[in-house]
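Below is one structure, written out as structure tokens; comments come after it.
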């Protein structure tokens with residue numbers, strides 16, 4: 001099997017991931033094993049996207065896509081705001097380190113979760129590559145969303161301590177979120193945080209540090225949010241794992257152990273499928289079937305926690321799509337684990353859409369559905385030739401999207417099957433490569449080398 005030549009910095013630790021969806025049966029403990037110096041934990045997709053048969057497939061799909069559109073909209077605002085909120089006036093507006101983030105943590109949004117250890121207990125948290133901070137619900141909880149695991153009790157952990165508001169960690173959170181300037185506080189007051197989500201969900205509490213356990217690897221003094229007021233449909237999880245590019249993200253805090261490298265393989269929705277999250281660059285843990293191709297991360301001090309790459313082209317069924325949007329700024333794209341559908345600037349999307357319609361001209365079109373405006377009626381057909389979709393990145397890297405990530409099946413009878421891409425509102429918006437187009441790919445985030453790698457891999461428990 002092809003592996004790719006990643007350098008050896010530290011043994012990899014693999015965390016279990018689950019795909020979280022509405023009515024998906026909750027959070028379960030999965031298998032794990034040691035392999036070649038790495039710890040392997042199972043990743044599994046919840047078997048059901050629906051809510052126990054109470055809603056139709058179309059109703060569930062509409063809820064999923066509406067939530068996805070909300071996340072995309074909020075990410076666009078975040079991208080545009082990072083250059084604006086870095087001012088003394090903005091910092092003085094609040095004594096809290098406020099994080100205006102959007103999570104895909106709606107009950108009906110396809111999220112991936114990992115189980116980690118905090119202070120001797122376990123917490124299953126949503127994995128989000130666009131978030132700066134890891135947080136969990138804590139006792140005593142003034143207002144908490146429902147979760148399946150016991151709440152984290154700081155009093156039961158001898159290694160727990162609140163972070164003072166005049167500490168470097170509290171400063172790092174303000175810097176990561178653009179809140180420059182000092183926060184007035186009297187020691188030993190704790191550093192407060194407030195996270196606001198697009199759907200009205202929130203987490204508020206204090207910044208703290210404790211022992212973090214990742215598949216047997218202990219990280220002492222890990223800084224996280226201890227939330228005592230948390231609201232929102234987080235699907236029974238304990239909180240959120242921040243994997244973004246910021247000083248307090250899990251990746252930044254574990255650079256010594258894992259070298260600033262992580263990767264994942266996201267499984268398709270089919271029941272029983274599974275995958276993995278790998279912390280570290282031990283490529284022996286991968287099961288990729290093609291060589292890893294790398295593209296440089298876009299370096300921009302105003303990009304916030306996002307992982308950005310330069311999307312230089314798209315081909316449909318082997319035909320290169322021509323659009324001025326690739327060269328006019330519309331090619332700078334976020335690779336995101338929490339967004340579902342890939343969104344493109346209008347000029348690029350229009351060109352891709354036109355080529356798909358041309359190549360699928362033999363099939364009758366169906367009405368648009370939610371954010372998906374290019375749909376077909378494939379009723380009664382046992383086989384359809386789906387055009388390939390290939391993404392080209394700076395440096396010559398090319399990535400073919402898995403066939404399951406090209407079309408989105410709305411109706412069970414195939415009377416409404418849509419192109420799984422959407423248009424952004426403006427040419428000035430930032431494209432987002434969603435997890436629907438990342439299925440069955442090993443996606444490697446190497447912050448040390450400032451590059452992202454892609455390789456085909458059939459996601460399975462490895």
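The values are calculated or read from the model by the stated rules, or taken from the named source; none is laboratory data. No experiment lies behind these values; they were computed from the predicted model shown. Please note: Cβ atoms are built from the backbone with ideal geometry, for glycine as well, and neighbour counts cover all protein chains shown.
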- Which ones in region 373-386 are closer than 27 Å to residue 309 by Cα and either exposed (fewer than 15 other Cβ atoms within 10 Å of the Cβ) or at pLDDT below 95 (or both)? 386
- Output the number of residues of region 385-417 satisfying the condition of being in a strand (DSSP E or B) and either in contact with a helix residue (DSSP H, G or I) (Cβ under 9 Å, 6 or more places away or on another chain) or within 21 Å of residue 325 (Cα to Cα) (or both). 10
- If a residue has to be part of a helix (DSSP H, G or I) and crowded, with 22+ Cβ neighbours inside 10 Å to count, how many in region 254-266 make the cut? 1
- Which one is nearest to residue 404 (Cα to Cα) among residues in region 422-434 that are within 17 Å of the chain's Cα centre (by Cα) and part of a strand (DSSP E or B)? 433
- Out of curiosity, is residue 382 free of Cβ contacts under 8 Å to residues at least 60 places away in the same chain, outside any helix (DSSP H, G or I), over 20 Å from the mean Cα position of the chain (by Cα) and farther than 23 Å from residue 445 by Cα? yes
- Query: When residues of region 331-342 are filtered for being closer than 17 Å to residue 390 by Cα and either at pLDDT below 90 or more than 15 Å from the chain's Cα centre (by Cα) (or both), how many remain?
  - Reply: 2
- Query: Regarding residue 310, is this residue within 18 Å of residue 430 (Cα to Cα) and touching a strand residue (DSSP E or B) at 6+ places or on another chain (Cβ under 7 Å)?
  - Reply: yes
- Hits in region 444-462 (condition: under 20 Å from residue 403 (Cα atoms) and modelled with pLDDT under 95): 457, 458, 459, 460
- Is it the case that region 370-384 has a residue that's out of contact with any strand residue (DSSP E or B) (no Cβ under 8 Å at 6 or more places or on another chain) and under 18 Å from residue 315 (Cβ atoms)? no
- Scan of region 388-405 for residues that are modelled with pLDDT of 95 or more and crowded, with 19+ Cβ neighbours inside 10 Å, ordered by number: 389, 391, 392, 393, 397, 399, 401
- Item | Residue list for region 343-372, filter: within 31 Å of the chain's Cα centre (by Cα), assigned to a loop (DSSP other than H, G, I, E, B) and surrounded by fewer than 17 Cβ atoms within 10 Å (Cβ to Cβ) | 367, 368
- Query: Which residues, taken from region 219-240, are in contact with a helix residue (DSSP H, G or I) (Cβ under 9 Å, 6 or more places away or on another chain) and surrounded by fewer than 18 Cβ atoms within 10 Å (Cβ to Cβ)?
  - Reply: 221
- Query: From the list 244, 275, 317, which residue is on the phi > 0 side of the Ramachandran plot and either at pLDDT 90 or above or not assigned by TED's automatic domain parsing to the domain that holds residue 447 (or both)?
  - Reply: 317
